[in-house]
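Colleague: One structure coming up, written as structure tokens, with questions to follow.
Each reported figure results from applying straightforward, stated rules to the coordinates on display, with no laboratory input. Values in this document were obtained by computation on a predicted structure and should not be read as measured data. Backbone-built Cβ (ideal geometry, glycine too); neighbour counts: all protein chains shown.
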Amino acid sequence: MWSWALMILPNSLHNNMTTLVIGLGNPGKKYELTRHNAGFLFLDWLVKEKFPGSTFSLQKNMHTEICEVKQGPGKLILGKPQTYMNNSGHAVSQLVSYYKIDFEKDLLIIQDEVDLPIGQLRESLESASAGHKGVQSIIDALGSKNFKRLRIGVEAREDKSIPPTENYVLQKFSEEELKLLETNIWPKLAQKISNANE
């Protein structure tokens with residue numbers, strides 16, 4: 001299940017190249033702990049726990065908060081687009097161009113997924129957006145769906161129509177759900193990345 005996730009980082013980081021990992025979300029305090037911001041939340045946790053001393057800084061020309069991390073001869077670029085979810089492709093395409101990323105090999109998109117139960121992880125490659133507007137924006141901007149995605153389950157409704165999905169993804173995670181993510185899901189994902197670089 002994790003074969004591509006294990007491969008994306010060493011391909012670049014052991015060969016003097018750059019890997020771009022994008023977490024999707026919406027900027028602003030209003031959206032900080034919402035389900036749609038699962039990508040942002042993971043990257044924030046990753047930098048705090050695994051790269052102490054590193055921070056995100058806003059690169060206005062690329063409309064993205066960026067944290068650059070050196071790993072051996074390679075470089076890891078962590079990005080949180082500030083264009084709002086539905087226009088994520090604008091920022092991602094700029095980053096791909098600026099850092100000269102081969103998006104088929106060295107781009108990883110981390111997104112929320114309402115079609116998966118809370119905390120479940122699933123990878124996707126060359127797949128359609130399945131209605132995720134942030135992902136569709138990236139597909140449109142790159143002119144391709146041939147890039148790697150990690151989908152983080154955020155669904156916890158008993159009735160999947162109440163509230164409507166477009167409202168549900170903008171609701172905040174409960175304290176219990178945040179604890180699950182921080183103590184179980186994020187460390188599992190980080191360990192996969194860590195193992196790939198050893």
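Colleague: Would you mind ranking F51, F173, F40 by Cβ crowding within 10 Å, fewest neighbours first?
Modeller: Sorted ascending by nearby Cβ count, the order is F51, F173, F40.
Colleague: Using the Cα centre of the chain as origin and beta-carbon charges of +1 (Lys, Arg) and -1 (Asp, Glu), tell me which of L58, L142, W186 is placed farthest towards the positive end of the dipole.
Modeller: Of L58, L142, W186, it is L58.
Colleague: Mind checking which of G72, G39, G153 has the largest fluctuation in a GNM of the chain, springs on alpha carbons under 10 Å?
Modeller: G72
Colleague: Along its principal axes, what span do the Cα atoms of the range 3-196 show, with the longest given first and each in whole Å?
Modeller: 48, 35, 32
Colleague: Say we join alpha carbon atoms closer than 10 Å with springs in a Gaussian network model of the chain; which of P163, P117, P27 then has the biggest fluctuation?
Modeller: Ranking P163, P117, P27 by mean-square fluctuation puts P163 first.
Colleague: Let me ask you something else. With contacts defined as alpha carbon pairs under 8 Å and 6 or more residues apart, what's the relative contact order of the chain in percent? Kindly include the intermediate steps, with their values, before the conclusion.
Modeller: Numbers: 372 pairs, mean separation 53.3, N = 198.
Computed over the chain, the figure is 27 percent.
Colleague: Nearest 10 degrees is fine. How inclined is helix 88-98 to the longest principal axis of the chain, computing both from alpha carbons?
Modeller: 0 degrees
Colleague: With both partners inside the chain, how many of the DSSP beta bridges are antiparallel, as a percent to the nearest 5?
Modeller: Here the antiparallel bridges make up roughly 50 percent for the chain.
Colleague: Among G28, V69, H90, which residue has its Cα positioned farthest towards the positive end of the charge dipole of the range 3-196, with +1 placed on the Cβ of Lys and Arg, -1 on the Cβ of Asp and Glu, and the dipole taken about the Cα centre?
Modeller: Farthest along the dipole direction, towards plus: V69.
Colleague: With +1 on each Lys and Arg Cβ and -1 on each Asp and Glu Cβ, and nothing else charged, work out how big the dipole of the chain is about its Cα centre, in Debye to the nearest 20.
Modeller: Numbers: 23 positive and 23 negative charges, 85 e Å.
With Lys and Arg at +1 and Asp and Glu at -1, about 400 debye.
Colleague: When the chain is treated as a GNM, springs tying every alpha-carbon pair under 10 Å, which of L121, L24, L180 comes out with the largest mean-square fluctuation?
Modeller: L180
Colleague: Which value at 222 nm does the chain reach when only helices count, each DSSP H run of 4 or more adding -39,500 (n - 2.57), with the total divided by all residues and rounded to the nearest 500 deg cm²/dmol?
Modeller: -10000 deg cm²/dmol
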